[in-house]
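A short write-up of the structure that comes next.
Each reported figure results from applying straightforward, stated rules to the coordinates on display, with no laboratory input. Please read all numbers here as calculations on a predicted model, not as lab measurements. Cβ placement follows ideal geometry from the backbone for every residue including glycine, while neighbour counts extend to all protein chains displayed.
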Amino acid sequence: MSSTLPEARSSPATDGARRLRLGSDAHRTLFCRTLLDTFNPYRPAVIDWPALEPSERERLISLPIWDIAVQTEGRARLNVASYAPLVHDPLLRQAIELNAFEEGRHKHVLSNMVQAYGISLAPEPEYVLPGDPEWAFMLTGYSECIDSFFAFGLFASAKRSGFFPPALVDTFEPVMQEEARHILFFVNWVAWHRRNMPAWRRPWFELRVLAVWFTLLWERMRIAKDVGNGTQDNNFTVTGAKSVGNGIGIGGLLELCLTENERRMGPYDKRLLRPRAVPRLARLACRLMRW
Ligand SMILES: [Fe+2]
Ligand SMILES: [Fe+2]
C-alpha cells in the first residue's frame, strides 16, 4: 500500500483569489472530488503482513481494542452505506458510497491482520440496518471526528516508541489517512447540507447535531468509567494511550494529536473546512494544563 500523502490541491496564493461559498455547487463538487480523487486502490487481500518478533506479536495481541475496532468499522460501513440511497445528487452519492466502501475495506484489513497474527475475536454482533440513515451517518461522522483525532496522535506515538514495528506502521498508514479524508468530507457535507435544506428543517437539524454530540460524549464517559473491567471498549484514547503512550502523558499526547491532525489535513484544498470542535477542545485543555 502506498503511504504517501496526496499532493496539495491548491496553494495559499490561489485561495484568496478563488473564494469558495459554503453550500454552493462548487463547494459540493470540491469536497466530493477531493474524496473521490484521492482514493487509494489498495486491496486488503494482497497485503503481505510483516513477520513479527514474538515480543512484538505479544504486544499487538495484548491491545484490548481489536474486537471493537472490527465492529466499529462494520457498523460504520452500514451507517454510511444506508444514507447513500437517500442522496439525490449523483456526485455526492458516489462519494458517500466510496466512504462506505472504504469503511468496509478497513474492516477487511483488520480482519486479515487479526487472522495473520492469531488474535482471537469475540463473535461479531449482527449489524442492523439503521432506521434513521441520516442520524446513523452523522453518528458515524462525528464519532470519527473524535476518534480519528486521537488515533492520529496515538498512531504517531506508537510509531515513535517502536510499539508498532515500522513495517506494520506502513501497512496501517493508508487506513489512517483515509480516516482524515472521511472527516474532512464529513464536516464539509454538514456545512453544505445545512445550507441546502429548507429553512423550516434547519432548527430540527441543529438539534439533531447537538443530540449526536451528546450521545457520543455520553457513550465515551460511560465507557471511560468501565475501563479496567476487563471488557474491550471503544474508548480508544484511554485504552490506547495506556498501551502505546510510552509515558508521553496526556498533555504530550494532546500536543501530538494536534500536530498530527494539522499534518494529515495539510495536503487538502485550503478552502475546505477542517474538523474544528475536537482540536479546539484539545487546544483549550492544553492551555488549561499549562496554566
Ligand atoms: Fe474506518
Ligand atoms: Fe472512516
Tell me, Kirkwood radius of the range 97-188 from alpha-carbon pair distances, in Å?
14.9 Å
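Please find the FRET efficiency linking Leu288 to Arg160, where r is the Cβ-Cβ separation and R0 is fixed at 25 Å, and quote it to the nearest 0.05.
Values: r = 25 Å, r/R0 = 1.00.
Computed FRET efficiency for Leu288 and Arg160 comes out at 0.50.
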Once label points are set 7 Å from the Cα along Cα→Cβ at both Ser62 and His108, what is their separation, rounded to one decimal in nm?
3.3 nm
Summing -39500 (n - 2.57) over the DSSP H runs of n ≥ 4 in the chain and dividing by its residue number, what mean residue ellipticity at 222 nm do you reach, to the nearest 500 deg cm²/dmol?
-23000 deg cm²/dmol
Over the range 58-98, what number does the Rg to Rh ratio reach, with both radii from the alpha-carbon atoms and Rh per Kirkwood?
1.27
If you take the beta carbon distance between Trp135 and Arg263 as r and set R0 to 45 Å, what does 1/(1 + (r/R0)^6) give as a FRET efficiency, to the nearest 0.05?
0.90
I'm a student and want to see the number: the projected area of the Cα convex hull of the chain, averaged over all directions, in nm².
16.4 nm²
At 7 Å along the Cα-to-beta-carbon direction for both Phe214 and Asp89, put a label point, then send me their distance in nm to one decimal.
3.0 nm
What is the spin-label model distance, in nm, from Gln115 to Asp37 if the labels are put 7 Å beyond Cα along the C-beta direction?
3.6 nm
